[in-house]
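Quick notes on the structure that follows.
The values are calculated or read from the model by the stated rules, or taken from the named source; none is laboratory data. Note that the coordinates shown come from a computational prediction; the quantities given were computed from them, not determined experimentally. Cβ placement follows ideal geometry from the backbone for every residue including glycine, while neighbour counts extend to all protein chains displayed. Note: areas computed on protein heavy atoms with side chains; ligands, DNA, RNA excluded. Shrake-Rupley method; radii C 1.70, N 1.55, O 1.52, S 1.80 Å.
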Amino acid sequence: MTRGQASLTSLIESDRIEGTPVYSGEGNAIGTIKRLIIDKASGRVVYVVITFVESFGLDDVPYVIPWAKLSYNKNDGGYHTDITEAELRSAPAAAHADADWADREAEEAFFSIPPGWRSV
């Protein structure tokens, strides 16, 4: 399959997700997917790093959110989320994409994110 072709299955390569637009619950473009964070043991995507657009109020800052907070919309060719700017602003520092994922303390801090954000 070449880039741009629609997949006939529910499977997709990670590089096809990177750069995909993310929309707010109201349908406004708010950012793009930068990378996926995968659980090594299960192989499941657990979190996604999203770079938000300036108009969303987060000045192009990448944040980590649970993969489960995204839903794909075929019509838009992107993912929708109900996470608000206020929720991101109040997220712990470990929700920022520059967190050291190899650092066990940072990982444990990340898992103390607000209820409803956990997908594991």
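Observations, loosely collected:
- Matching residues in segment 17-31 - criterion: being modelled with pLDDT of 90 or more, open to solvent by 20 Å² or more (accessible area, probe 1.4 Å) and assigned to a strand (DSSP E or B): Pro21, Tyr23
- Tabulated pairs, segment 62-84, first touching a residue at least 24 places away in the same chain (Cβ under 8 Å) and within 12 Å of Gly27 (Cα to Cα), second open to solvent by 20 Å² or more (accessible area, probe 1.4 Å) and polar (S, T, N, Q), C-beta under 6 angstrom, 6+ apart or interchain: His80/Ser71; His80/Asn73
- Of all residues in segment 34-49, those satisfying the criterion of being in contact with a helix residue (DSSP H, G or I) (Cβ under 9 Å, 6 or more places away or on another chain) and among the aliphatic types (A, V, I, L, M) are Leu36, Ile37, Ile38, Val45, Val46, Val48.
- Test: residue in segment 100-114 that is of a type outside the set (Phe, Trp, Tyr), in a strand (DSSP E or B) and either touching a Pro at 6+ places or on another chain (Cβ under 8 Å) or modelled with pLDDT of 75 or more (or both): no
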